[in-house]
Amino acid sequence: MTYNRKDHFYAKAKAEGFRSRAAYKLMELDTKYKLLRPGKSVLDLGCWPGGWTQVAAKKVGPSGKVVGVDLTRCDPLPYPQVSLIEGDARDDETIREALSQVGGKFDLIISDMSPKHTGIKEVDQAGTAQVVELAYWVGSQILKPGGALLVKAFPSGDLDRFIPELRGAFSKFHRIVLKSTRKSSKEFYICCVGFKGAPLQAESEVVAP
Ligand SMILES: C[S@@+](CC[C@H](N)C(=O)[O-])C[C@H]1O[C@@H](n2cnc3c(N)ncnc32)[C@H](O)[C@@H]1O
C-alpha cells in the first residue's frame with residue numbers, strides 16, 4: 001500500500017483550522033478518558049506545531065491553562081489560556097518556566113513527543129521509550145496528586161521494562177490504539193490516572209513555586 005500523507009484526517013485538520021492531524025488523536029483520547037475539563041491545567045510536551053494545544057485550549061477554556069513545550073518554536077495561538085515555551089523537556093529550566101506559568105503543579109500532562117528518526121532500528125526504539133520515561137520524569141515532579149499522564153508510545157523492550165514503574169505510580173493504567181492513527185503505524189497511547197504523588201529520586205529535582 002502506498003503511504004498517503006494527505007489522508008482523511010490531514011484534509012479534515014486543514015479544513016477545520018487545526019495545525020496537525022494529531023489534533024484528532026487528542027479528541028479521540030479525550031472522548032474516552034474525559035481528562036480535559038474546564039479549569040484544568042495542562043502541560044503539553046512536544047506541542048509543535050500546536051494541534052494538541054488547540055484542542056486542549058478549547059476544552060479547558062479561559063479558566064484553565066495550557067502550557068506547550070517544544071524544541072521547535074511554536075507560532076502563537078489566539079487563546080489567553082495558552083503559553084508556549086521553546087525548550088527541551090529534559091531541562092530543569094524549561095520545567096521551572098512551565099510551573100511558573102501555572103503558579104503550581106499541573107492536573108494533566110499530555111505528551112506527543114517523538115524523537116528525531118535516525119533510521120537505525122535499535123536507536124529509534126530506544127528513543128521512543130526514552131520520551132515516555134521523560135514524560136513520566138517530568139510528571140513525577142510537577143503533577144498534582146491525583147493528576148493524569150497521557151503519553152504516545154511505540155512497542156519496545158525498553159518500554160516493556162519501564163511500564164511496571166509507570167503502573168505503580170498511578171492508580172489506573174490504560175493502553176489504547178486509536179482509530180485516527182495511521183494503519184501503518186505501531187503507535188499507541190498510554191493513559192495513567194490518579195498519580196500517587198511519590199516523586200522519583202531525580203538528580204536535580206524541580207520544586208513547584
Ligand atoms: C509529533 S510532534 C507533536 C505534534 C503535536 N502534538 C501537534 O498536535 O501538533 C512531536 C514533537 O515532539 C518534540 N520533541 C521531541 N523531543 C522533545 C523534547 N525533549 N523536548 C521538547 N519537545 C520535544 C519534537 O520537536 C516534535 O515537534
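The values are calculated or read from the model by the stated rules, or taken from the named source; none is laboratory data. This is a predicted model, so every value here is computed, not measured. Ideal geometry is used to build each Cβ from the backbone, glycine not excepted, and the neighbour counts take in all protein chains shown.
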Could you tell me whether Pro80 is of a type outside the set (Gly, Ala, Ser), in contact with a helix residue (DSSP H, G or I) (Cβ under 8 Å, 6 or more places away or on another chain) and more than 23 Å from Gly194 (Cβ to Cβ)? no
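Residue by residue, here is whether (1) under 29 Å from Ala13 (Cα atoms); (2) in a helix (DSSP H, G or I); (3) at pLDDT below 95 holds:
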{"site": "Leu134", "(1), (2), (3)": "yes, yes, no"}
{"site": "Trp137", "(1), (2), (3)": "no, yes, no"}
{"site": "Lys144", "(1), (2), (3)": "no, no, no"}
{"site": "Ser171", "(1), (2), (3)": "no, no, no"}
{"site": "Ile190", "(1), (2), (3)": "yes, no, no"}
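Let's see how each residue does on (1) surrounded by fewer than 21 Cβ atoms within 10 Å (Cβ to Cβ); (2) modelled with pLDDT under 95:
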residue: Gln101; (1), (2): yes, no
residue: Phe106; (1), (2): no, no
residue: Thr118; (1), (2): yes, yes
residue: Glu122; (1), (2): yes, yes
residue: Val131; (1), (2): no, no
Among residues of the range 9-22 being outside any helix (DSSP H, G or I) and not polar (S, T, N, Q), the residue farthest from Lys152 (Cα to Cα) is Gly17
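Mind listing whichever residues of the range 23-73 are part of a loop (DSSP other than H, G, I, E, B) and more than 7 Å from the ligand (Cβ to nearest atom)? Spell out the reasoning first.
Within the range 23-73, the first condition is being part of a loop (DSSP other than H, G, I, E, B), and the residues that meet it are 34-40, 46-50, 61-64, 71-73.
Lys34, Leu35, Leu36, Arg37, Pro38, Gly39, Lys40, Gly61, Pro62, Ser63, Gly64, Arg73, listed by residue number.
Identify the residue in the range 9-22 that is among the hydrophobic types (A, V, I, L, M, F, W, C) and within 11 Å of the ligand (Cβ to nearest atom) and, among all such residues, is modelled with the lowest pLDDT. Don't jump to the end; show me each part of the working.
Initially, the range 9-22 is screened for residues among the hydrophobic types (A, V, I, L, M, F, W, C), giving 9, 11, 13, 15, 18, 22.
If we keep only those that are within 11 Å of the ligand (Cβ to nearest atom) as well, we get 13, 18, 22.
Details: Ala13: 90, Phe18: 95, Ala22: 95.
Ranking the qualifying residues of the range 9-22, first place goes to Ala13.
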Cβ pairs under 7 Å, 6+ apart, first in the range 159-183 and in contact (Cβ under 8 Å) with a residue 60 or more places away in the chain, second part of a strand (DSSP E or B) and surrounded by fewer than 17 Cβ atoms within 10 Å (Cβ to Cβ): Ile176/Phe188
Looking at Pro80, Pro49, can you tell me which residue is within 23 Å of Gly104 (Cα to Cα) and surrounded by fewer than 23 Cβ atoms within 10 Å (Cβ to Cβ)? Pro80
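Any chance the range 107-120 includes a residue that's touching an Asp or Glu at 6+ places or on another chain (Cβ under 7 Å) and assigned to a helix (DSSP H, G or I)? Break it down stepwise before answering.
Within the range 107-120, the subset touching an Asp or Glu at 6+ places or on another chain (Cβ under 7 Å) is 110, 117-118.
Still in the list and also assigned to a helix (DSSP H, G or I): none.
Scanning the range 107-120 turns up no residue that is touching an Asp or Glu at 6+ places or on another chain (Cβ under 7 Å) and assigned to a helix (DSSP H, G or I).
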